[in-house]
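Peer 1: This is the structure, below, for whatever I ask next.
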Amino acid sequence: MATPRPLRPFGPPPRQAGRTRRGVIRDALGIGIASGAYAVSFGAIATTAGLSLIQTTSLSLLMFTGASQFALVGVIGAGGSVWAGAATAALLGSRNALYGLRLSGLLNVRGLRKFVAAHFVIDETTAMAIARDDEREARFAFWATGIALFTLWNLGTLIGALATHALSNPKVLGLDAAPPAAFLALLAPRLRSREPIAIALGAGAVALLVLPFVPAGIPLLIVAVLVALLGLRSIKK
Amino acid sequence: MFWAGLLTASVACYVLKLAGVSLPQRWLQNPRIQRTVPLMPVALLAALVATQTFSTGRHLVLDVRAAAMGVALIAVLLRAPFLVVVVAAAATAALLRLL
């Protein structure tokens, strides 16, 4: 989920604890509501791709990382196998490991709470937490954002799925054009220098080039392998 | 099979999050990993945009979705919120089909 730009500081620096916390809650709710609206489109796209109500809502509960969820249902909707979609979702989820790394010292969670905290490690919670100077404020921001987002993300998914189930032909509403637009909106905040723009253009071109020759979903995995090779190689310079 | 794929993907995504908060810091602080991981979403999202706009199955096609993506691109450049981008693209495709 990348409604706000990733890793960008939110809100004013902490001043007075009470005031700051209220500000954090307000920001967390704002992000939650924006993501809830975005989850409505996820519910609609997943349903259009052929997922049942329970499959769609399970994904939001269990996967809870927007870009991966959109990728999985996007690949399935385009006729790819569920496994190609699953691999793409996992590759997109790899960035959450780096977010977790940044957060682990800050959160300082142990035992059962660590397993709950891990589920909340996504773009928005990371951005909200690392923007704080004070560790206690950072933890508060992480949990407030995580709880608001998890609640509204799942509620939005349910609404989107139920509403789309009521439609006889979602294509009439142009819902087949929704997934690529969603991917573009997720991609845009990451294109802020020349290198990612070049990589994005190259990745798009390679995917279209190999598309006629391999099963649906596989072009994405070819792109993933190439970019991994590129990233691992260029460090040697 | 379908459920197995969904659950495997969900577990994989959770394990990645858990690995971040659990693994020794130095494992993920490897400069190669630090460099490669942020490139992954850029490449995959761009590939998803391209394939889902310009193909149906294994065929490259140019249809109303290309126009819809043009509208989405304008919305993104105007920094429209996520939902506005998606709805604008869907509405463009729906309208062009009505014509």
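Peer 1: Across segment A:181-215, which residue is surrounded by the fewest Cβ atoms within 10 Å (Cβ to Cβ) among those that are touching a residue at least 40 places away in the same chain (Cβ under 8 Å) and not small (Gly, Ala, Ser)?
Peer 2: Among them, the one singled out is A:Pro215.
Peer 1: Enumerate the pairs (first residue in segment A:69-98 and facing chain B (nearest Cβ under 7 Å); second residue anywhere and among the charged types (D, E, K, R) and assigned to a helix (DSSP H, G or I)) with beta-carbon separation below 6 Å, excluding pairs fewer than 6 apart on the same chain, so at least 6 apart or on different chains.
Peer 2: A:Asn96/B:Lys17
Peer 1: For B:Thr36, are the conditions met, namely being more than 7 Å from every other protein chain (Cβ to nearest Cβ) and hydroxyl-bearing (Ser, Thr, Tyr)?
Peer 2: Numbers: more than 7 Å from every other protein chain (Cβ to nearest Cβ): no; hydroxyl-bearing (Ser, Thr, Tyr): yes.
No.
Peer 1: Mind checking whether some residue in segment B:9-21 is surrounded by 17 or more Cβ atoms within 10 Å (Cβ to Cβ), more than 7 Å from chain A (Cβ to nearest Cβ) and out of contact with any Phe, Trp or Tyr (no Cβ under 6 Å at 6 or more places or on another chain)?
Peer 2: First, the residues of segment B:9-21 that are surrounded by 17 or more Cβ atoms within 10 Å (Cβ to Cβ): B:9-10, B:12-14, B:16-21.
Subset that is more than 7 Å from chain A (Cβ to nearest Cβ): none.
Taking every residue of segment B:9-21 in turn, none turns out to be surrounded by 17 or more Cβ atoms within 10 Å (Cβ to Cβ), more than 7 Å from chain A (Cβ to nearest Cβ) and out of contact with any Phe, Trp or Tyr (no Cβ under 6 Å at 6 or more places or on another chain).
Peer 1: Filter segment A:206-218 for residues that are at pLDDT 95 or above and under 23 Å from the mean Cα position of the chain (by Cα) and give the result.
Peer 2: Within segment A:206-218, A:Ala207 is the sole residue that qualifies.
Peer 1: Among the candidates A:Thr125, A:Thr145, A:Thr157, A:Thr164, single out the residue that is free of Cβ contacts under 8 Å to residues at least 60 places away in the same chain and crowded, with 21+ Cβ neighbours inside 10 Å. Talk me through it step by step, then tell me what you get.
Peer 2: Numbers: A:Thr145 fails: free of Cβ contacts under 8 Å to residues at least 60 places away in the same chain; A:Thr157 fails: free of Cβ contacts under 8 Å to residues at least 60 places away in the same chain; A:Thr164 fails: free of Cβ contacts under 8 Å to residues at least 60 places away in the same chain.
Going through A:Thr125, A:Thr145, A:Thr157, A:Thr164 in turn, the sole match is A:Thr125.
The values are calculated or read from the model by the stated rules, or taken from the named source; none is laboratory data. Here the structure is a predicted model, which means the values were calculated and not measured. Note: ideal-geometry Cβ built from the backbone for every residue, glycine included; neighbour counts use all protein chains shown.
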